[in-house]
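No lab work stands behind these numbers, since they all come straight from the coordinates. Only a predicted model underlies this, so the values are computations on that prediction, with no experimental measurement involved. Using ideal geometry, Cβ is built from the backbone for each residue, glycine included, and neighbour counts are taken over all protein chains shown.
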């Protein structure tokens, strides 16, 4: 009986029917935050345990920021992806196809020297200082503090985007050539790996994996898909045919 049940669970998992992946309990996440995640992201506020005793309605903005950042770190570090059955050929002849690194948190750690949570900055951005250190500047808007606290997937995608600007090989956007995007910054094309593409493209690629190859709750997948579609429409200077092929491949549906 136990073997039969195990077989059923394995088959269900292989076909995407496994139970939703969930965040750990707050006290567990807090331990990860103070022992690992804080030092990986190195934000510009003091390292303290997460505030797990208060209801969300009583948390201060800073307490919410710490919890959401810790959640994003967990998502970056612990997302379970189905890495099987990758496409055989890249959409672009000069590209290549790769699964996300085992830990996108380590990927960010290799590129960024820290997070600067800035109440005054007008735009989320990456900054490389003269001494070579590079920082991701985040705003309150990145945390949506006026809404129920998010799982952290959106913030994780933002951290991937900005960290790509910092290296290992620095990346800068190009001017958008799309309708209704005058004065905005775009990537020239899509990509299917996590090293060579642009900031928009890499974040969209990772979010696409969240949509179709992770077990996060469907409501989170829906949010990720909306972001991918927006990026494809307004931040990638590529032909509709190429972007639509990307959507068919990584979202399972056309743009």
With 10 angstrom as the radius, rank 144, 137 by how many other C-beta atoms surround their C-beta, starting from the fewest. 144, 137
Taking Cα centroids, how far is segment 52-76 from segment 113-155 in Å? 15
Over the chain, the sum of -39500 (n - 2.57) across DSSP H runs of at least four, divided by residue number and rounded to 500 deg cm²/dmol, gives at 222 nm -12500 deg cm²/dmol
Can you give the relative contact order of segment 46-153 as a percent, counting alpha carbon pairs under 8 Å and 6+ residues apart? 28
Using the Cα gyration tensor of segment 109-255, with a ≥ b ≥ c the square roots of its eigenvalues, what is the shape: rounded (a/c below 1.5), prolate (a/b larger than b/c) or oblate (neither)? oblate
Could you grab the relative contact order for segment 21-250? Cα pairs under 8 Å, six or more apart, rounded to a whole percent. 19
How high is the relative contact order of segment 155-220, in percent, counting Cα pairs under 8 Å that sit 6 or more residues apart? 29
Most exposed to least, judged by fewest other Cβ atoms within 10 Å, 169, 196 sort to 169, 196
Which residue, 199, 57, 103, tops the fluctuation ranking in a GNM of the chain built on C-alpha contacts under 10 Å? 57
Antiparallel DSSP beta bridges within segment 21-250, percent to nearest 5: 60
What does a probe at residue 242 reach in segment 67-96, counting residues whose amide N is under 20 Å from the point 7 Å along Cα→Cβ? 87-96
Between residue 255 and residue 116, what FRET efficiency follows from the Cβ-Cβ distance if R0 is 41 Å, with the result rounded to 0.05? 0.75
Going by the alpha-carbon gyration tensor, a ≥ b ≥ c the square roots of its eigenvalues, is segment 50-141 rounded (a/c under 1.5) or, if a/c is not under 1.5, prolate (a/b greater than b/c) versus oblate? oblate
Between residue 169 and residue 54, how high is the FRET efficiency from 1/(1 + (r/R0)^6) when r is the Cβ-Cβ distance and R₀ = 45 Å? Nearest 0.05. 0.55
From fewest to most C-beta neighbours within 10 Å, the residues 174, 228 line up as 174, 228
Option label - Cα Rg over 2.2 N^0.38 Å computed here, alternatives (i) 1.28; (ii) 1.04; (iii) 1.09: (ii)
